[in-house]
Amino acid sequence: MRSKGFEGMTCSVACVMGALGDRWGMLIMRDLFLGLRRYDDFRRSSGITNATLSDRLKALEEQGLITRQRYQTRPDRYEYLLTEKGRDIGLVLLSMMQIGSKWNIPDLVGPSLLMVDGNSGHKVKVALVDVETGQQVSPQDVMVELGPGADDLTRWRSAGRIRNPEPSES
């Protein structure tokens with residue numbers, strides 16, 4: 001049984017988690033990023049049950065993260081493709097992969113996958129970059145500030161723990 005959704009929450013993290021649904025949704029997205037496209041491949045990769053896989057594929061499609069494309073008729077068979085919104089979820093997956101590799105969470109002899117530049121073959125990492133200067137920013141130096149969509153709960157949740165921009169003069 002799926003848990004209650006995050007509808008009505010003013011939170012970007014909850015929005016992404018709600019779009020992914022659960023751990024199965026995340027693993028399906030992982031498989032799509034690795035190039036898998038077909039139902040049977042998702043089953044083989046994760047061991048997910050048919051009922052759960054069908055449910056999660058429908059949910060990911062409803063969230064606009066994937067789209068279905070028929071590749072065979074009689075019987076109809078579909079492959080699943082990432083949308084632009086779905087491709088953006090890649091940052092979450094790459095960040096998780098980077099953290100898992102750094103901390104060697106499963107005690108492997110090394111990472112099972114490496115992130116590399118498709119052109120040079122050089123290793124890459126997820127990093128924070130100053131939008132104006134293009135310079136890399138250390139995670140320790142990042143602060144969060146209220147945005148224009150912040151509601152009362154967001155203001156309460158973050159009171160005293162975020163940078164508050166100077167109030168605008170009225």
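Quick one: what are the phi-derived ³J(HN,Hα) couplings along region 9-26, Karplus 6.51/-1.76/1.60 with θ = phi - 60°, whole Hz, x for glycine and proline?
7, 9, 7, 5, 5, 4, 4, 5, 4, x, 5, 6, x, 6, 4, 5, x, 5
Amide H neighbours of MET115 under 5 Å, at least 5 residues apart or on other chains, H built in the peptide plane: list them.
VAL124
Within region 67-142, which GluC sites (Glu not before Pro) sit in a loop by DSSP and count at most 15 neighbouring Cβ atoms inside 10 Å?
Details: sites: GLU79, GLU84, GLU132; in loops: GLU132.
Here the sparse-neighbourhood loop sites are GLU132.
About its Cα centre, what dipole magnitude does the chain give when the only charges are +1 on Lys and Arg Cβ and -1 on Asp and Glu Cβ, stated in debye to the nearest 20?
Details: 23 positive and 22 negative charges, 185 e Å.
I would put it at about 900 debye.
Express in whole angstrom the spacing between the alpha-carbon centres of region 1-44 and region 88-120.
Here the two parts' Cα centres lie 18 Å apart.
Taking the Cβ of ARG70 as the centre, find all other residues whose Cβ is under 14 Å away and add up their charges (Lys, Arg: +1; Asp, Glu: -1). Walk me through the numbers before you get to the answer.
Working: positive: ARG37, ARG38, ARG68, ARG74, ARG77; negative: GLU61, ASP76, GLU79.
My count for the surroundings of ARG70 gives +2.
Lysine pairs in region 12-137 with Cα distance under 23 Å, only those 8 or more apart or on different chains: how many are there? All intermediate terms of the calculation are to be shown ahead of the outcome.
Working: LYS58/LYS85; LYS85/LYS125; LYS102/LYS123; LYS102/LYS125.
Lysine pairs meeting both conditions in region 12-137 amount to 4.
Compute the signed sum of charges (Lys and Arg +1, Asp and Glu -1) over the other residues within less than 13 Å, Cβ to Cβ, of GLY110.
Working: positive: LYS102, LYS123; negative: ASP107.
Summing Lys and Arg as +1 and Asp and Glu as -1 gives +1.
Just the number, please: carbon plus sulfur as a percent of the accessible area of the chain, 1.4 Å probe, no ligands or DNA/RNA counted.
Within the chain, the accessible surface is 53 percent carbon and sulfur.
Restricting to Cα pairs below 8 Å that are 6+ residues apart, what does the relative contact order work out to for the chain? Please round to a whole percent. Intermediate values should be presented prior to the final figure.
On the way: 133 pairs, mean separation 24.4, N = 170.
Rounded, it is 14 percent for the chain.
When Kirkwood radius over Cα pairs in Å is calculated directly from the model, which label among [x] 19.1; [y] 17.4; [z] 16.9 fits?
It is the value labelled [x].
Among residues other than SER45 whose Cβ falls under 12 Å from its Cβ, what is the net charge (Lys/Arg +1, Asp/Glu -1)? Before the final figure, lay out the partial values.
Numbers: positive: ARG30, ARG37, ARG38, ARG43, ARG44; negative: ASP31, ASP40, ASP41.
With Lys, Arg at +1 and Asp, Glu at -1, the neighbours total +2.
The values are calculated or read from the model by the stated rules, or taken from the named source; none is laboratory data. All values derive from a computational prediction rather than experimental measurement. We place every Cβ from the backbone using ideal geometry, glycine too, and count neighbours over all the protein chains shown. All accessible areas refer to the heavy atoms of the entire protein, side chains included, with ligands and DNA or RNA removed. Shrake-Rupley method; radii C 1.70, N 1.55, O 1.52, S 1.80 Å.
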